[in-house]
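To keep things clear, I will list the structure first and then write my remarks on it.
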Amino acid sequence: MKSDIFILFMASLLIGTLPYAVRARDSGTPLGDGKISSSPQRGYLYSCQARFNANAGGAHATGDWIVGNNWYPARNPSVDGNVM
């Protein structure tokens with residue numbers, strides 16, 4: 001009984017987030033749009049840190065998954081294997 005409820009719960013999470021994942025894959029997710037929130041909010045990044053140092057170090061190059069100011073998760077490289 002508990003496992004059935006858990007499976008239904010997990011399926012509802014997947015179905016509920018699937019449209020957002022598909023949209024992000026196809027149209028990209030904006031980067032650097034300033035949409036950061038200290039509480040859960042649709043369309044925002046939920047972060048315990050809401051202020052970021054613009055002069056902090058970061059990546060020195062971008063990959064194919066960054067185009068302009070958008071991130072395309074489906075373009076991220078992946079490696080087959082297992083995490084131990």
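For residue 36, the residues whose amide H sits under 5 Å from its own are 45, ignoring neighbours fewer than 5 places away on the same chain, with H placed 1.01 Å from N.
If R0 is taken as 35 Å, the Cβ-Cβ distance between residue 76 and residue 50 corresponds to a FRET efficiency of 0.85.
Each reported figure results from applying straightforward, stated rules to the coordinates on display, with no laboratory input. As the structure is a computational prediction, the values presented were derived from the model and not from experiment. Here Cβ is always computed from backbone atoms with ideal geometry, including for glycine, and neighbour counts include all displayed protein chains.
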